[in-house]
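Below are the structure tokens for one structure; questions will follow.
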Amino acid sequence: MNISDPVIELRRVSKAFGRQRVLTDIDLAIERGKTTVIIGRSGTGKSVLLKHIVGLLRPDRGEVYFEDQRIDHLSERALTPVRRQISFVFQLNALFDSMSVAENVAFTMTEQRTGRADKRKIQSLVRHCLELVGLSDFEHKRPSELSGGEKKRVAFARAIALDPPPKIILYDEPTAGLDPQRADVVNKLIRHLQHEMNVTGVVVTHDMKSAIEVGDRLLMLWDGRFIADGVPDDLVNSKQAQVRRFLDGIAAPEDLKMLIPSNGR
Amino acid sequence: MPRAKPMALAISRLGERALEMPALFGRFCIFSFWTMTFGPLELISRRGWRHLMPQCFSIGTLSVPVIMLTGAFVGMVLVVQSYSQFDTAGLADRIGVIVNISVASELGPVLAGIMLAGRVGGALAAELGTMNVTEQLLALRSMGCNPVRHLATPRFLACLLLAPILTLYADLLGALGAWAVYTLYYGGESEPYWFYTSQAVEYWDLGTGLVKALFFGGAIGLISCYKGFHCRAGAEGVGRACTEAFVISFIMILVLDFFLNLVINRLYEGIYGFRGLLL
């Protein structure tokens, strides 16, 4: 897919952990203001790819660009201004247990600023963000008192609670571990945030219902390479064997080999 | 050669471990360097104190009862162990001298350090390890915060600064515990106990104990935070990090104690000569 003004660009990115190759010569351009969804089976390198975008992992080969600035070789300190424009919603939410919901949401802003005037501004922004995710009365609760869906929404509120708002939100398996109803709330929230804040989204998931609902563009990662790229309808109607097996939830014969011993016992 | 295979495997594993050790030590040194480098910056900033104060409470204030109990019982046991020898020699009223010098310069800091390693070291490794496996450390990095500065430095500073204060509590309770057993159980008199103690126990003894405690506290903070930051995934990884944090801290306290004693003795000889032998 040709994109004229990409907000993020990965050029020939490769990554391996020891002898295990995870990403192989990945080229990816993310369109501004749209939600791009990367699908693929578990362990295929989706989360690894996402972590390259925010500099949590460095590629062995290749380049990563954020708004035409190369970021893969920057030091942790030089990456800070870039990271403050990108929010990351982690698969396990990564809420800080020792803090209240409001403190979690305000965390990035509190760490950046001090002073009484800012304190008031932070409090009002926290309230606004919690309202946006439907958790107005949860300010003083602790993460341990919340359900899985509520935790996810607090993670969303924390992701958007930046001043100025984030340009990109990265979602790592946003519906993992949620029941279908809660997953639907999360999907609608991703859509809502995109419309309200015009934020670019990158979603990594293996939940096809979620991918189709939130994605403007879908890519499929298979053994470290993209094997499909298009609008959701293109993928849903794809005849490619690997894509079809993934969509229909049918195991590949090579995956079944380890379950059925060859000697017939 | 069927027999050579396990042997070759064992040698290969030994070689791997041998190569791994310097790398591990190097990683620990880099981690310690950054943790300590951020220390002064944290101490001069309001944000730093905001991070430090809760750690001072959980590491220092909550450790006071257990440290005081340890100090008191060490003093009491020392009196019970040595009273009969002192009494036989007719020197029972000087029992406070040996007990308090031992507590102030050696047993107070070492046992306070060990108690701190047990109570705090494991807890720090568990807390940071859990944050590590639940992606909270990654979350901090993704928000532009340095996890070492944000999490490790305040915990290291709290251990470093509060270990000497906790040792003072252990020393005080050690002296009081010994006095209580000497006067209440053995029927000794208070006045000679405190008189001879004040004559014999020098600021040097107290000071060396506090300097040792400073090193022990720093070592506990660094080792526990490092173990938490680098623990393996899962409950087993966190559990192992806790155990290793305590065991390594414990061993380091003993090793540091030995080398600090060598240095302190040299310093004493350099400053006071052989005054101790002449008097």
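What follows draws every value from the coordinates through simple rules; no lab data is involved. A quick note: this is a predicted structure, and the numbers were derived from the prediction, not measured. Note that we place each Cβ from the backbone using ideal geometry, even for glycine, and neighbour counts take in every protein chain shown.
For a Förster distance of 60 Å, can you work out the FRET efficiency between the beta-carbons of residue A:227 and residue B:185, rounded to the nearest 0.05?
Here the calculated transfer efficiency is 0.15.
For the stretch A:1-52 and the stretch B:59-110, what is the separation of their C-alpha centers, rounded to whole Å?
Centre-to-centre distance over Cα atoms comes out at 64 Å.
Amide H neighbours of residue B:188 under 5 Å, counting only residues 5+ apart in sequence or on other chains, H built in-plane at 1.01 Å?
B:183
Right, next: Quick check: Cα centre of the stretch B:2-44 to Cα centre of the stretch A:158-174, how many Å?
Here the answer is 36 Å between Cα centres.
Exposure proxy check: B:183, A:175 ranked by fewest other beta carbons within 10 Å?
Listed from fewest to most nearby Cβ atoms, that is B:183, A:175.
Treat the count of other C-beta atoms within 10 Å as a stand-in for reagent exposure and order A:205, B:134 from fewest to most.
Details: A:205 24, B:134 19.
Ascending Cβ contact count within 10 Å gives the list B:134, A:205.
Would you pull out the residues with amide H under 5 Å of residue A:88's amide H, same chain only if 5 or more places away, H placed 1.01 Å from N?
A:170
Can you give the local net charge around residue B:83? Use residues other than it whose beta-carbon is closer than 15 angstrom to its beta-carbon, Lys and Arg +1, Asp and Glu -1. The partial results should precede the final answer.
Values: positive: B:94; negative: B:87, B:93, B:189.
Counting the neighbours of residue B:83, the net charge comes to -2.
Shifting gears a bit: Below 8 Å between Cα atoms, with a sequence gap of 6+, how large is the relative contact order for chain A in percent? It would help to have the intermediate numbers written out before the result.
Details: 449 pairs, mean separation 65.4, N = 265.
Dividing the mean separation by the residue count of chain A yields 25 percent.
Taking 25 Å as R0, compute the FRET efficiency from the Cβ-Cβ separation of residue B:62 and residue A:123 and round it to 0.05. Write out the running numbers ahead of the final one.
Values: r = 30 Å, r/R0 = 1.22.
E between residue B:62 and residue A:123, to the nearest 0.05, is 0.25.
If you don't mind, another one. Please give the calculated 222 nm ellipticity per residue for the protein assembly as shown, where each DSSP H segment of at least 4 residues contributes -39500 (n - 2.57) and the sum is spread over every residue; nearest 500 deg cm²/dmol? Could the numbers behind the result be given before it?
Working: 22 runs with 321 residues, N = 544.
The helix-only estimate for the protein assembly as shown comes to -19000 deg cm²/dmol at 222 nm.
Report the net charge of residues surrounding residue A:71, where surrounding means a beta-carbon distance below 11 angstrom and charges are Lys +1, Arg +1, Asp -1, Glu -1.
Working: positive: A:58, A:70, A:83; negative: A:9, A:63, A:67, A:68, A:72.
Surrounding charge for residue A:71 is -2.
What aspartates and glutamates sit close enough to residue A:141 to cross-link, taking a C-alpha to C-alpha distance under 18 Å and skipping anything fewer than 8 places away on the same chain?
Cα-Cα hits under 18 Å: A:97, A:103, A:131, A:150.
For the Cα atoms of chain A, what angle does the longest principal axis make with the long axis of helix A:148-160, in degrees from 0 to 90, nearest 10?
Approximately 70 degrees, to the nearest ten.
Give me B:212, A:119, A:15 ranked fewest to most by other Cβ atoms within 10 Å of their Cβ, as a rough exposure proxy.
Values: B:212 26, A:119 14, A:15 22.
Exposure proxy ranking, most exposed first: A:119, A:15, B:212.
Counting other Cβ atoms within 10 Å of each Cβ, which trypsin sites (Lys or Arg not before Pro) in the stretch A:45-81 have at most 12 and sit in a DSSP loop?
Details: sites: A:46, A:51, A:61, A:70, A:77; in loops: none.
Loop-located and lightly packed - none at all.
Other chains near B:144-151: what is the mean number of their Cβ atoms within 10 Å of each residue's Cβ? Please list the in-between numbers first.
On the way: counts 14, 6, 3, 1, 1, 0, 1, 0.
Average neighbour count from other chains, rounded to a whole number: 3.
I've got another one for you. Could you pull out the pairs from A:121/A:188; A:46/A:167; A:15/A:152; A:209/A:239; A:46/A:151 whose alpha carbons sit more than 24 Å apart here?
Numbers: A:121/A:188 27 Å; A:46/A:167 21 Å; A:15/A:152 29 Å; A:209/A:239 19 Å; A:46/A:151 22 Å.
Too far apart for the 24 Å limit: A:121/A:188; A:15/A:152.
Report the local net charge at residue B:124: Lys and Arg +1, Asp and Glu -1, summed over other residues whose C-beta lies under 13 Å from its C-beta.
Taking every other residue near residue B:124 into account, the sum is +1.
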